[in-house]
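Just below is one structure, and these are the notes that go with it.
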Amino acid sequence: MAQWGRQPFSKTDFLFAKRIDLEDLPKDSLIRTAYAFWRALAPEPSLPARSDFDATDVPRKIMPWVFLHKVVRNENGTLDYRCKLMGTSAVATIGFDPTGHLNTEYFSTPELRYLNESLDLTVHQAIPTFWKAGIPHARYETVAVWRGIFPLASDRKTVNMILGIGEPRRLSGDMK
């Protein structure tokens, strides 16, 4: 029975990722700060490597929101991602700490597959990607975020790690 003031909906209506350009992010976005940090690690066209920085190098204001994933290349050609680090605010945003686990342990259902697909795109294209997304949360239906996903490559070409950041969005009409 529907309650007054609440419309029935499917959780999947709010779980999405839409690719955007860097210019589409708010000027004060932490994603822009993360991009500037990532780009300063190695001159173009080289990709930065994980060995180019340690945690103390990451700008303090973005560290709580950062995540670091190791790219796992499966024998069947698919990709997976092992979480190596998840900032405290990122953990609070999704409602659990996936450090040490594969993404497919949590994000493999059809309605959540888009999270890995956005990482796959970044790995295959070997360029940073930016997203407007709705992500799952353990207690809430969805949390709206801006995401930046930055490739890292030990050999400066083949992506073997992902540095990412998810920043909760202010919902003053930016869900559209």
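The values are calculated or read from the model by the stated rules, or taken from the named source; none is laboratory data. Since this is a predicted model, take the numbers as computed values, not measurements. Virtual Cβ from ideal backbone geometry, glycine too; neighbours counted across all protein chains shown. Each accessible area value is taken on the protein alone, full model and side chains, heavy atoms only, with ligands, DNA and RNA left out. Shrake-Rupley method; radii C 1.70, N 1.55, O 1.52, S 1.80 Å.
Brief remarks on what is shown
- Residue in region 89-113 that is surrounded by the fewest Cβ atoms within 10 Å (Cβ to Cβ), counting only those that are touching a Leu at 6+ places or on another chain (Cβ under 7 Å) and touching a residue at least 60 places away in the same chain (Cβ under 8 Å): Glu111
- Test for Ala40: is it surrounded by 13 or more Cβ atoms within 10 Å (Cβ to Cβ) and either more than 17 Å from the chain's Cα centre (by Cα) or not β-branched (Val, Ile, Thr) (or both): no
- Among residues of region 28-49, those that are at pLDDT below 95 and either among the acidic types (Asp, Glu) or within 23 Å of Trp146 (Cα to Cα) (or both), counted: 3
- Residue check, Ser118 in a helix (DSSP H, G or I), surrounded by 13 or more Cβ atoms within 10 Å (Cβ to Cβ) and either among the small types (Gly, Ala, Ser) or touching a Lys or Arg at 6+ places or on another chain (Cβ under 8 Å) (or both): yes
- Each residue in region 132-155 was checked for being open to solvent by 30 Å² or more (accessible area, probe 1.4 Å), in a loop (DSSP other than H, G, I, E, B) and at pLDDT below 95, and 4 of them qualify.
- Among residues of region 64-88 being open to solvent by 50 Å² or more (accessible area, probe 1.4 Å) and part of a helix (DSSP H, G or I), the one that is nearest to Trp131 (Cα to Cα) is Trp65.
- Test: residue in region 71-79 that is modelled with pLDDT under 95 and among the acidic types (Asp, Glu): no
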